[in-house]
Structures are given as structure tokens and as C-alpha cells.
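Some notes on the structure that comes next.
The values are calculated or read from the model by the stated rules, or taken from the named source; none is laboratory data. Note that this is a predicted model, so its numbers are computed, not measured. Cβ coordinates were reconstructed from backbone atoms using ideal geometry, including for glycine residues, and neighbour counts include every protein chain displayed.
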Amino acid sequence: MTLSWLGHATILFTLISLVLGALDLLVSLRRRSLAHSRWFAGGALLGILSSVGVMEFALVSHNFSLAYVAENNSRFTPLVYSITGMWSALEGSILLWSLLLIFCLVAVVIRYRREASDDVVRWATTIVFAVAAYFLGLMAGPADPFVATVGTTSSGAGPNALLQDNPLVAIHPPLLYLGFVGFTIPFAFAVAMLITGRVRDRWPLELRRWTVLSWGALTLGIVLGAWWSYQVLGWGGFWGWDPVENASLLPWLTGTAYIHSVIVQDRRGLFRVWNLSLALVTFALTILGTFFTRSGVLQSVHAFSSSSLGPLLMGFFVLTIGGGAALVTWRGDELRSPVGVDHPLSREGVFVANNIIFVGFAVVVLLGTAFPLLYEAINGGQVTVGTPYFATVAAPAAVVVLALMALAPAMSWRRSTWPVIWSRLRTSAWVAIATVFFLELAGVRHAVALAGYFLAIIAAGSALRTLSGLVRSARRKQRTPWSVLLGPTAGGMIVHLGVVILSVGIVSSTSFVTRGEVTLATGQSTVVAGQTLTFNGFAVVSDAVKNATELKVVVNRSQQLRPAITTFRGREGQTVGTPAIDSNFWRDVYVTFDAVGGKGSTSGAQVANNLPAGSVVLGVTVEPQLSWLWIGGIVIALGSAVTFFRRREVAPA
Amino acid sequence: MKRRAISLAGALGVLLVLSLGLFLGTRHVAPEASSLPSPLLGQVAPAISGSVLGARSTASLSNLRGHVVVLNFWASWCGPCAKEAPELSTFAWSQRAVNGAVVLGVLYNDSLDQATAFTQRYGSLYTSIIDKDGLIANKLGVISPPTTFVIDRHGVVRASFVGAVTAAQLSASVDAVTS
Amino acid sequence: MRIVASFRLWLAVTIVVLGLSFVATSQQSPVDQRTAYLESIIRCPACEGLSVAESNATSAVAVRHEIRQAVVAGSSDSVIITSLEARFGSSILLSPPTRGLGTILWLVPLAIVGLGVIILLRVARHNEK
């Protein structure tokens, strides 16, 4: 019994459990009988855990009888990177996706076990079974992770160099996938609600909670991905508007729109059709994201090797959109609410503007990402749509979003008047303009950055005002502040604060970045943007996995950095630059080993023949407040976790 | 009226998304940048000159006007360059016998010591010039070695190869250019 | 606190202060400005989507030198871009062409903004009844 056979058996077992689970539910819906979801979900869980177990066992024990292990692992790969090797290439990534999806299936079955006879639950569970079966089907056929190695291999190729020099490879993909996969549940419930026509009572709230959970995981996943890129890719940037990055942003954008417009539905029963459509579209966009990552139609640093999965994934996307549209058309009329938005200057109005911006921006990002393909099909040439375009479109959108964040908490429902809004924002507005004035006195004259700070401060003030209002109302009722600070409103304001911190980080680090290349001889120092860098010589580090030539660099005479050029052992012997970062609250100093002088060395670094031996060329990037991005991301994640606490009583707004 | 406008807008939106989906699903895999033909084909090659590796002289493309030139970018750290080095030497030698094409190598982003060691190991039978700071590579749009250009007697770029070439490929290309 | 309460006063102060930010303390020379702009829209030839301003690869550094020399020599932006396209292909530009098919990339965002304004105005007018 070979590992390959065992792996195939577990995949088949899981697939059959899922298909039978879906069929069983359909039968129970027809016959009005009990379903046996827990057994089929349990079977699927057992199956997928076994599949993952077989793969991880093979990776950790460096068993090269599996082709996947031979290509992504080697005899000297450390334990951590052997484990993470499971998702470092295409077929294994689908295994991870399926594992998380089946976890979600089990979560749904357990959570609603007491309402298992409710039609909405039955339809929703059927959909989740079906989606999981689709992904298992991919693994049973075109994306098989358990293909046996042909011939013999004594030592594997090892993982890609960029996937084994940073521990974030263990956290970012699972978290990101959890975000994507999580949106299957709101999708399943949206479809179930449309099929059964039960679009009121408790289901919208359930849908909303699952969406917030997935959205939180996706946000954290994207932020960690940006942090990882920042740490390894060598240019001090964290977002490249790369097709795969854009694809992960699309469901995040529509998810954000949904989270806001569903608050209006909660309050006033509006936008039901729109919200259900957003839930369907968000899931469809996660499938589109999978398509961009795995079809190979667009070049990307993050894409897996191309495969025949493209048409299959696109087929699924088309099915989801078409089916969803059909359902919404069928039930649309029943969902319409008799009332509408009273006035644009109201909380509802701001949420409408929010939706227009987020969904509109998603459309623009999708268009920009697909444009090179359109251009090639029509004009035959190659074009690139890169940062200049996306940044030009994103900047005004971000400004509007910050302004909306500033206004919304200060607006009343149904209709607000400007004097009332002004009275609520007065303090923040004066603080904001005073801060801008002092920054200008200090010499900062970058107009866009100042506008960003200005709006960010008002937005933060608005959120803090709401939070303090909650605490005051709690005190009045003689309750502890925690009873109100743990709840959806407070959570939402904390998320807004996180977004403000993140935005300030982005504005500062992109507007006031200093980039340069400095040449230093051993023992020499230089100053870049107020930071002193000293080069103290070379060091060679060698272990079972890699061979690196490090430079001993000291920042501001106290922080030790070791930028390096690292060569990973393995069949292809990949060489990558390893940047070194000195990070604190106020700025990041990002140093790369760019070239070495003289006649060269065995480091693999680029050679600058006209420089004396023993001198090096360092790439230095100084970015103010870059760590605020990561801090902001964590605050956002905390805020979304806080929204899960239910309020003991509904507080008046 | 408003309801109909919304439904129409929705239907239009769905239709656009579906068309985009079908369009994307029928795209072929993106070509590697290296497999695309050089935009310089049919253009006169830019002026190139540099100091010769291992000698104190300089060489330039303009001095070779009137000959067919095979311009080859290489580096010692590049695996496929090692594979094609013997082929290039064989080709260069055979052409020298019939007073045919001239092979001119360009050293791309390499240390002089290691480059010299490379030529000694593979017995390169043609001159190579040093590309200081990558300027020559940039003039020809070379992104990574090995990249080879075939330039005719009038200095016009007629063929380009990215990746290791064989003596047979070069012979065929040079014959096509000479005729 | 009547003064602080006044919206109009605050608006006036804001306009003045934000307007000050356009009075730059040090102007970048035109050469530096043009070079920085070109460097941000030309892709590093050996990289996936990084501009030559951001990358320190040899080819990127070489292209930066070339751009600076050309700007100092007085060549116009389009001449510099065309010469780079002649060697590296049209995909060397990070920003898509503004003529031809590329116009939809700028029309669509504007259309969305227009749509948004229309929607919000319709809500306002509906309420005036």
C-alpha cells in the first residue's frame, strides 16, 4: 500500500461522503424527512483529515514517493517548512482550501444542529456540501496532490526559496484561505434564503455574523500577506497591485460594502435584494480570485504554476453568477421594501455612498486587472497596468472613504441637518486643522498627505466620540463599560480606528519615503534621511538548508542588521536577497545587499567592478510610520472579534 | 419606471460579468516574457562597444559592419550559458574557417575573475566585451542571459533567441540572413 | 465658545491652512520632477511590475541612468518612452495607454462617480416632494 494509493483513497472517501451528504439533504427536503448530515459531514472531516495526514506525513518524513513532495520538499528542509510545504504549490493549496471548507461545513452542522429540520438550514448545508464536493472533485482529477513519482529521486528539489525564509508562510495562507472559504457560508445561506423565500426573521443576522467572521480573517490574511511581501521581496513596498493581490482585494471590497449596507437592512428593512446579491457576488469573487491565482492567464509573483484548472474554475464562477442572478430575479419582487431612503444627508445616505465607492472601486480594480488580456485580444500587443494607474484611482477613493468614516457616526438615521452634524464633529474638526497647521509649520507641505491626515483625525474623532457616548450611557444605567464596549457598535468603531491607523501608515510611508543606494567601505558610515548606517564587514552563515553571505550593518550605532544574499540548497540552488529591517513606531529602515565591489565573491551578489574590493552597495529605504500598517491591521482584527459579543440589551442609538 | 431602470441595470451588470467570465475562461496561459520576439527585429542595432575581457583592447559592433554578427549575452553564474558555451565555440570556429559570421560575446553583470575562469573552462573561441553597468544590455532590451541576436551585414537585427542556443540553430539562422 | 461653534470660521481657516500646503518650501527642479515621474511609470525590465524607481536590479539602475541623461539632454517624455518601448516592448510602461482601448480605464471610474452622484441626487429630489 503506497502513500499515493492511500492519499487517493482518502480523497475519494471524502468526495463520496460530500456527494452523498448533499444528495441525502436533497432527498430529505423532498420527502420532508430527517437528514443525516452529521454522519456525512463527520465522514468528510475524517476523510480530509486523513488526506492532510498522509500529505504531512510524507512531507515531514521526506518521502519522495509522492511527486508533490519531491518537488516541494528536500531531505534537509526544516520541520516548519516541511509542514507549510503542503500549501506551497497548487495541488496542496487546494488540499488546504478543502480542509478549511470542511471545517466550515462541520461548523454549520454543529451550530444549527437544533434547527436541522429548518429548510433554510437544509438548503444552506446542501450548498456547502456541494461546493466542498467541487473542490474535492478538482483534487480527484486535474489537481491531484498524490501523484506518485515516476522513477527514483534521492533528494527533493525543496520549496521555493521565498517560501522558506520567513515563518509567515505558516500563518498567511491558512488565514487568507479561511477568509475566502468563510464566505461560502454566507453564500450558502443567501441561496437558501432565496430558494425558500425566507428572507426575514433571524437569517439576515446569521448571514451577517458569518460575513463579519470571514471578513475579519480575510482582512488579517491580506495584511499579513502585505507584511510578508514587505519583509522578503526587497523593495520596501507592501502592495504591488499584482493580479493575485487584486483578486484577494475584490471579495474584501464587496464584503465591506455588505457589512455596512446590512446595517441599514437591520435598522430599516431596506436594500434586501442588494444585500443578498452582494453576498452572492462576494463568494463568486473568491472563486474568481482562485481562477486568477491558478489559471496562469496573468503573470504574477504570487501565482501558482498554471494548470488546466482555468476553464473549470471559470465555469464554476459563471454558474454561481448565473444561478445567483436567476434566484434574485425569481424572488426579487417579494423582497422589496415599501420604504426608501428619505434623504441623502442621513446615515442611510452615507451607507449608500459607501456601497457605491466600495463596489465601484472593485469594478475598477477588476477592469484594470483584466485589461491586459482585453488589450491583447483586441490589439494584439502587450501592456501592463501597474501601480501608477491603480494608485491614481485609489487615492481619491480613499479620501472619500475617510470622509465618509468621519461623517457617518455623526449622522442620524432618516435625516440629519448640518448644524447637528457640525456640533458633533466640531472638536475633531478643530483638532484636525490645528494638527495640519502645526505639521505645515514643521515643514510638511505634501498636499495629499496633509489632506489624508486631516480626514483621518476627524474620522478617529468621530469613532472615539461614539465610543465615549456608549461608555457614558452605560454609566448612566449603572452598568460596567465592558457591557457596551463588547458589542457590534463598539466593535465597528474600533475597526474604524484600526482603518485610520492603517491609513495614516500608508499615507506617511508612501508620501515621505526616501530611497537610495549607498556605497560603503568596511567601517564607513553614511546618513540617509537622518538615519546613520555603518558597514562593519562580512559574515558567512552556512547550515543544512542554506548558505548566506551577510553584511554587518549598524543603524544609528545601536541596531544590528544583517542584510544578506542567501542561496538555498536543492536541485536548483536558488539565490535570493534577504532584506533586513529596523522597525520602530516612527519609521522603518529597510536595507538590502545590492552589490559588492572588486572582482566579486562567491556570495552570488551582483558585482560592481569599478568599486574597490571590500566595499558594498546597500539599498536603503526609510519609510515613516510603516509599522502603523501592521498595528492598524491588528486593531481591525480585534474590532471585528469584538462585534461578536451580543449586547445584553439593545442600547438606544 | 425606477424599478424597471434598476432591473435593467442589474441585468446589464450580470451580462457584463458573465461575458468577462467567458472571456477570461477562454484565455490561454500567459507567455513567458522571454518567448516574445524582440521589438528590435528589423531595426538597426544600436552602437555597442566595450573593453575586451582578458585583453587591453576595445571592440565594437561598428567595426564588424560588413560581417554577419552573432551577439551573445552571457554570464558565469547562468546555467544555460554553460550549456551553450561549447556550441557557440564550435560555431565560432567553423565560421572562422569559411570567413563567415563573427561571434561577439557580451559579459552581463558578472565578476571579471569568474568570467575569465568561465572562458578558460569552456574554451571560448571568440572575444567578449564587458558590459559596464548593464548599459549595453539595456540598449538591446536584454533582461536575462543567455540572449543571442543575429545581426546582418548592414547592422539590422534579424533574429533573437532567449535561452540556450545550439550550433545548428545559429547556422540555420545565419544562413537565412546571409542569403 | 461661539467662535469655535462657527462652522464658517472653521471652513475659512481650513481653506487657508490647506491652501498653505501648496506653497512648497522647496521646489524640486524640473529635471528632478520629470526624472522622478518617468522613473515611476517605467517598469523595471527584469521585475514583475516594479517601477525602475523602486527596484535596484542592474537593468533598473541602467534605465534610471539613461532616463536622467535623456532628460538632461532635453528629450521629451514621449521620445524617451518610445525609445524604451522600441527595445523592451510596449509592456515596459506601467501605465496603460490613454488613447484607444485605454480610455475605458479612465472612463469607467468617472462613470461610476457620475452614477453615484445621480443616485444621491435622485434620493434628494424624491424627498423634496
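With the condition kept exactly as written, say whether any residue in region A:28-48 is touching a helix residue (DSSP H, G or I) at 6+ places or on another chain (Cβ under 6 Å), under 21 Å from A:LEU3 (Cβ atoms), modelled with pLDDT of 90 or more and not aliphatic (A, V, I, L, M).
Within region A:28-48, one or more residues are touching a helix residue (DSSP H, G or I) at 6+ places or on another chain (Cβ under 6 Å), under 21 Å from A:LEU3 (Cβ atoms), modelled with pLDDT of 90 or more and not aliphatic (A, V, I, L, M).
Looking at (1) within 30 Å of A:ILE287 (Cβ to Cβ); (2) assigned to a loop (DSSP other than H, G, I, E, B), find the lone condition where B:LEU20 falls short.
Only one criterion in (1) within 30 Å of A:ILE287 (Cβ to Cβ); (2) assigned to a loop (DSSP other than H, G, I, E, B) is unmet by B:LEU20, namely (2).
I need the full set of residues from region B:53-82 which are touching a strand residue (DSSP E or B) at 6+ places or on another chain (Cβ under 9 Å), part of a loop (DSSP other than H, G, I, E, B), surrounded by fewer than 19 Cβ atoms within 10 Å (Cβ to Cβ) and more than 14 Å from every other protein chain (Cβ to nearest Cβ), in order please.
The answer is B:SER57, B:HIS67.
If the Cβ limit is 8 Å and pairs must be 6+ apart or interchain, which residue in region A:18-32 that is within 16 Å of A:THR196 (Cα to Cα) and surrounded by fewer than 16 Cβ atoms within 10 Å (Cβ to Cβ) pairs with which residue that is of a type in the set (A, V, I, L, M, F, W, C) and at pLDDT 95 or above?
As it stands, the answer is none, since no pair meets every condition given.
Does A:SER65 satisfy being farther than 25 Å from A:ASP201 by Cα, small (Gly, Ala, Ser) and in contact with a Ser or Thr (Cβ under 6 Å, 6 or more places away or on another chain)?
Considered against the rule, which asks whether it is farther than 25 Å from A:ASP201 by Cα, small (Gly, Ala, Ser) and in contact with a Ser or Thr (Cβ under 6 Å, 6 or more places away or on another chain), A:SER65 comes out as yes.
Please work out which residue is farthest from the other protein chains (Cβ to nearest Cβ), limiting yourself to region C:47-71 and to residues that are outside any loop (DSSP other than H, G, I, E, B) and of a type in the set (S, T, N, Q). Walk me through how you get there before you give the answer.
First pass over region C:47-71, keeping only residues outside any loop (DSSP other than H, G, I, E, B): C:51, C:58-71.
Adding the requirement that they be of a type in the set (S, T, N, Q) leaves C:51, C:58-59, C:69.
On the way: C:SER51: 7, C:THR58: 4, C:SER59: 6, C:GLN69: 10 Å.
Filtering region C:47-71 for residues that are outside any loop (DSSP other than H, G, I, E, B) and of a type in the set (S, T, N, Q), the one farthest from the other protein chains (Cβ to nearest Cβ) comes out as C:GLN69.
In this structure, is A:PHE238 buried (at least 18 other Cβ atoms within 10 Å of the Cβ) and over 20 Å from the mean Cα position of the chain (by Cα)?
No.
Residue by residue, here is whether (1) outside any helix (DSSP H, G or I); (2) more than 21 Å from A:GLU71 (Cα to Cα); (3) touching a Pro at 6+ places or on another chain (Cβ under 6 Å); (4) at the interface with chain B (Cβ under 10 Å from one of its Cβ atoms) holds:
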{"residue": "A:PHE292", "(1), (2), (3), (4)": "no, yes, yes, yes"}
{"residue": "A:SER300", "(1), (2), (3), (4)": "yes, no, yes, yes"}
{"residue": "A:SER305", "(1), (2), (3), (4)": "yes, no, no, yes"}
{"residue": "A:ILE321", "(1), (2), (3), (4)": "no, yes, no, yes"}
{"residue": "A:GLY324", "(1), (2), (3), (4)": "no, yes, no, yes"}
{"residue": "A:THR329", "(1), (2), (3), (4)": "no, yes, no, yes"}
{"residue": "A:VAL339", "(1), (2), (3), (4)": "yes, yes, no, no"}
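In the list A:GLU376, A:GLU440, which residue meets the criterion of being of a type in the set (D, E, K, R) and closer than 25 Å to C:VAL23 by Cβ?
Checking each option against the conditions leaves just A:GLU440.
Working carefully through the options A:LEU366, A:LEU278, find the one that is under 30 Å from A:MET405 (Cβ atoms), within 8 Å of chain B (Cβ to nearest Cβ) and either part of a loop (DSSP other than H, G, I, E, B) or of a type outside the set (Lys, Arg) (or both).
A:LEU366
Here's the yes/no breakdown for (1) in contact (Cβ under 8 Å) with a residue 24 or more places away in the chain; (2) surrounded by fewer than 21 Cβ atoms within 10 Å (Cβ to Cβ); (3) not in a helix (DSSP H, G or I); (4) not polar (S, T, N, Q):
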| site | (1), (2), (3), (4) |
| --- | --- |
| A:VAL383 | no, no, yes, yes |
| A:ALA397 | yes, yes, no, yes |
| A:LEU404 | yes, yes, no, yes |
| A:SER412 | yes, yes, yes, no |
| A:ARG415 | yes, yes, yes, yes |
| A:VAL420 | no, yes, no, yes |
| A:TRP430 | no, yes, no, yes |
| A:GLU440 | no, yes, no, yes |
| A:GLY443 | no, yes, yes, yes |
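Of all residues being touching a Pro at 6+ places or on another chain (Cβ under 6 Å) and not in a loop (DSSP other than H, G, I, E, B) in region C:88-104, which is farthest from the other protein chains (Cβ to nearest Cβ)? Just the residue, please.
Ranking the qualifying residues of region C:88-104, first place goes to C:GLY102.
Quick check on region A:498-548: of everything there that is among the hydroxyl-bearing types (Ser, Thr, Tyr) and crowded, with 21+ Cβ neighbours inside 10 Å, which residue is nearest to A:GLY577 (Cα to Cα)?
The selected residue is A:SER509.
Just checking: which of the helices (runs of 4 or more DSSP H) contained wholly in region A:81-184 hold 3 or more residues that are out of contact with any Phe, Trp or Tyr (no Cβ under 9 Å at 6 or more places or on another chain) and within 30 Å of A:LEU276 (Cβ to Cβ)?
A:90-111, A:119-140
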